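The values are calculated or read from the model by the stated rules, or taken from the named source; none is laboratory data. Just so it is clear, the structure is predicted and the values come from calculations on it, not from any experiment. In this analysis, Cβ positions are derived from the backbone assuming ideal geometry, glycine residues included, and neighbour counts consider all displayed protein chains. To get the accessible areas, we keep the full protein, side chains included, count just its heavy atoms, and leave off ligands, DNA and RNA. Shrake-Rupley method; radii C 1.70, N 1.55, O 1.52, S 1.80 Å.
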Amino acid sequence: VQLVESGGGTVQPGGSLRLSCTASGFTFSSFTMAWFRQAPGKERLFVAAISWSGGVTDYSDSVKGRFTISRDNAKNSVYLQMNSLEPEDTAAYYCAADYDPMDGAGRFGYDYWGQGTHVTVSS
């Protein structure tokens, strides 16, 4: 199983970034996918999740309305479009996968994790 994130970088406040995560080694279309983030010296926190069909999504209150999670099962990929970025969004962002045939978008119990991609929001 492998999850590889990309798209991180440095952006000014108010800017946008799009993170990508490409999966391999498992049946991507049967898994809920999610993004988490971890700021320096802090715990890893849930950001967003999307069900295997893409029909169910969930967002943390801190990103709701600014971030959008999406997926392309044909490309084994999940994305996080981040708009109106704030310095508080600075963190390492991790992609995660959880087998869920019930088409849910939970915040816990993820089995597989990527290595992360760094996002810095600074002027």
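Considering only residues that are closer than 17 Å to Tyr93 by Cβ and of a type in the set (D, E, K, R), look in the range 12-67 and name the one that is surrounded by the fewest Cβ atoms within 10 Å (Cβ to Cβ).
Filtering first and then ranking leaves Glu43.
For the range 68-111, how many residues meet the condition of being over 25 Å from Pro40 (Cβ atoms), among the aromatic types (Phe, Trp, Tyr) and open to solvent by less than 50 Å² (accessible area, probe 1.4 Å)?
Residues in the range 68-111 being over 25 Å from Pro40 (Cβ atoms), among the aromatic types (Phe, Trp, Tyr) and open to solvent by less than 50 Å² (accessible area, probe 1.4 Å): 0 in total.
State whether the residues of the range 43-50 include one that is outside any strand (DSSP E or B) and in contact with a strand residue (DSSP E or B) (Cβ under 9 Å, 6 or more places away or on another chain).
No, that holds for no residue.
Report, ordered by the first and then the second residue, all pairs with beta carbons closer than 6 Å, sequence separation of six or more or different chains, a first member in the range 88-102 that is β-branched (Val, Ile, Thr), and a second member that is open to solvent by 30 Å² or more (accessible area, probe 1.4 Å) and not in a loop (DSSP other than H, G, I, E, B).
Pairs found: Thr90/Thr120.
Answer with yes or no whether Gly65 is outside any strand (DSSP E or B) and either under 13 Å from Gly8 (Cα atoms) or modelled with pLDDT under 95 (or both).
No, not satisfied.
Here are Leu3, Leu80, Leu85: which of them is closer than 17 Å to Ser122 by Cα and in contact with a strand residue (DSSP E or B) (Cβ under 6 Å, 6 or more places away or on another chain)?
Unique residue meeting the criteria: Leu85.
Can you confirm whether Thr90 is within 16 Å of Ala48 (Cα to Cα), at pLDDT 95 or above, out of contact with any Phe, Trp or Tyr (no Cβ under 9 Å at 6 or more places or on another chain) and not aromatic (Phe, Trp, Tyr)?
Yes, satisfied.
Here is a yes/no grid of residues against (1) over 10 Å from the mean Cα position of the chain (by Cα); (2) of a type in the set (A, V, I, L, M, F, W, C); (3) modelled with pLDDT under 95; (4) within 16 Å of Arg18 (Cα to Cα):
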site: Ser29; (1), (2), (3), (4): yes, no, yes, no
site: Phe36; (1), (2), (3), (4): no, yes, no, yes
site: Pro40; (1), (2), (3), (4): yes, no, yes, no
site: Ser70; (1), (2), (3), (4): no, no, no, yes
site: Gln81; (1), (2), (3), (4): no, no, no, yes
site: Ala105; (1), (2), (3), (4): yes, yes, yes, no
site: Trp113; (1), (2), (3), (4): yes, yes, no, no
site: His118; (1), (2), (3), (4): yes, no, no, yes
site: Val121; (1), (2), (3), (4): yes, yes, no, yes
